Amino acid sequence: MEWLSLEQWSPYVCGAGIGILSWLSFLLSDKPLGTSTSYVRTAGMLERLFRGDRVLKREFFQKVTPSIDWQWMLVLGIVIGAFISSVASGQAHIAWVSEPWLTAFGAAVGPRLAVAFIGGALLGLGSRWANGCTSGHGISGTMQLAVSSWVASICFFAGGIAVATFLYAVLAG
Amino acid sequence: MLERIRSNKNGQRALGLVFGIVFGIFLQKAGVTRYDVIIGQLLLMDFTVVKVMMSAVIVGMLGVHFMHSRGLVRLHVRGGSFGSTVVGGLIFGAGFALLGYCPGTVAGAVGQGSVDALVGGVTGLVFGSWLFAVLYPRLTPFLSRGEFSNETLQELLHIGTWQAVVPTAVVLIALLAALEWLGF
């Protein structure tokens, strides 16, 4: 198990491994690897705790049921897999603020969490709006040569590069 | 046999968990669950994210299209439109840069102990997704604006599947080679 304790594997090995994983997911689960729908299912399950079955009347939740499915378990698995991997390599640690944020904007926790929340909200909104994320469109959709997925991936990175550059080259610069 | 595995709901949940664990290990070992690696990619200084994604696409594409040609798998191509794909993609991109993780890698970041991923990221993702579900009935007319007329690259270019797959693989390999050659 020495390989599991290495801090890093080649990005090409990891990428190829994810590619092979996608074969198995198409073959055994009839599904492309994806993650973002699980967050809207979670939102629906949480809303149902407060508002009961009325939530199921929402047009969107009739299309996407708020329940724990294959993909929800996959996202939970990612948490566990990354935990195993980082504990094995000794990288697992509680971190509130990471570089390069630390150098650019300081160690205060509040601003970082606020920006992370806004970023997360835009990711949630945007992935439903575009019907996929960096996994569902960026990897699984582009490998199927889907036009929508190539367009989405280009927009993910175009938007990301613009905002990251503004944040780090303009605001912090 | 395959249909029996695919239709077993609890079996699929277990399989999803196993796939996720493997996915999480690859993401963490590649370094893409780290904030600095994602931001480095978006600032065009560190190309780890692109390397991982492109190698996954090359390997995945060859295998999935081979299995499809043998009738072993179904494809799941999503349609798109200007209103949905482009606008949503740009909103996603802004969130990608502000959070510094994406919906898959944020889960991995939680697993390695990054609190910003859990407290800020996951709660934000759930909130933003909920907001979309609430706004959905009002957004539908906009989402279908400017629908793409072709679902796949081969339909768009009027060529066969392998005539699209092989050149795409060659171009992606050439891009990866160019990145290495440039020293990234």
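The values are calculated or read from the model by the stated rules, or taken from the named source; none is laboratory data. Nothing here was measured: the structure is a model prediction, and the numbers come from that model. Don't worry about glycine lacking a Cβ; one is built from the backbone with ideal geometry, like all the others, and counts go over all protein chains shown.
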Within segment A:59-110, track down each residue that is among the acidic types (Asp, Glu) and closer than 27 Å to B:Val18 by Cβ.
A:Asp69
Filtering segment B:80-99 down to residues that are among the small types (Gly, Ala, Ser) and facing another protein chain (nearest Cβ under 7 Å), which residue is nearest to A:Gly120 (Cα to Cα)?
B:Gly95
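Taking the conditions exactly as written (surrounded by fewer than 21 Cβ atoms within 10 Å (Cβ to Cβ) and either outside any helix (DSSP H, G or I) or out of contact with any Leu (no Cβ under 6 Å at 6 or more places or on another chain) (or both)), does B:Ala178 satisfy them or not?
Here the answer is yes, as B:Ala178 does meet what is asked.
Out of the residues in segment A:119-173 that are of a type in the set (S, T, N, Q) and in contact (Cβ under 8 Å) with a residue 24 or more places away in the chain, which is surrounded by the fewest Cβ atoms within 10 Å (Cβ to Cβ)? Explain how you work it out, then say what you get.
Initial filter on segment A:119-173 (of a type in the set (S, T, N, Q)): A:127, A:131, A:134-135, A:140, A:142, A:144, A:148-149, A:153, A:165.
Then keep just the ones that are in contact (Cβ under 8 Å) with a residue 24 or more places away in the chain; that gives A:127, A:135, A:140, A:144.
Values: A:Ser127: 35, A:Ser135: 29, A:Ser140: 29, A:Gln144: 24.
Once the filter is applied, the top-ranked residue is A:Gln144.
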Is one or more of the residues making up segment B:12-32 more than 7 Å from chain A (Cβ to nearest Cβ), farther than 19 Å from A:Pro100 by Cα, among the polar types (S, T, N, Q) and more than 17 Å from the chain's Cα centre (by Cα)?
no
Just one listed residue, out of B:Leu135, B:Leu131, B:Leu125, B:Leu143, is crowded, with 23+ Cβ neighbours inside 10 Å, farther than 21 Å from B:Lys29 by Cα and modelled with pLDDT of 95 or more, and it is B:Leu125
Residues within segment B:117-161 that are over 22 Å from the mean Cα position of the chain (by Cα) and touching a residue at least 24 places away in the same chain (Cβ under 8 Å), tallied:
3
I'm trying to understand the selection: among the residues of segment B:59-83, which are more than 16 Å from the chain's Cα centre (by Cα) and of a type outside the set (A, V, I, L, M)?
B:Gly63, B:His65, B:Phe66, B:His68, B:Ser69, B:Arg70, B:Gly71, B:Arg74, B:Ser81, B:Phe82, B:Gly83
Does B:Thr48 fit the bill of being surrounded by fewer than 24 Cβ atoms within 10 Å (Cβ to Cβ) and either at the interface with chain A (Cβ under 8 Å from one of its Cβ atoms) or closer than 15 Å to B:Tyr101 by Cα (or both)?
yes
Please note which helices (runs of 4 or more DSSP H) are completely contained in segment B:1-105 and include at least 2 residues that are of a type in the set (A, V, I, L, M, F, W, C), touching a residue at least 40 places away in the same chain (Cβ under 8 Å) and closer than 24 Å to B:Val126 by Cα.
B:9-30, B:35-42, B:87-99
Check whether at least one residue in segment A:1-18 is at pLDDT 95 or above, out of contact with any helix residue (DSSP H, G or I) (no Cβ under 7 Å at 6 or more places or on another chain) and more than 27 Å from A:Gln91 (Cα to Cα), and report yes or no.
no
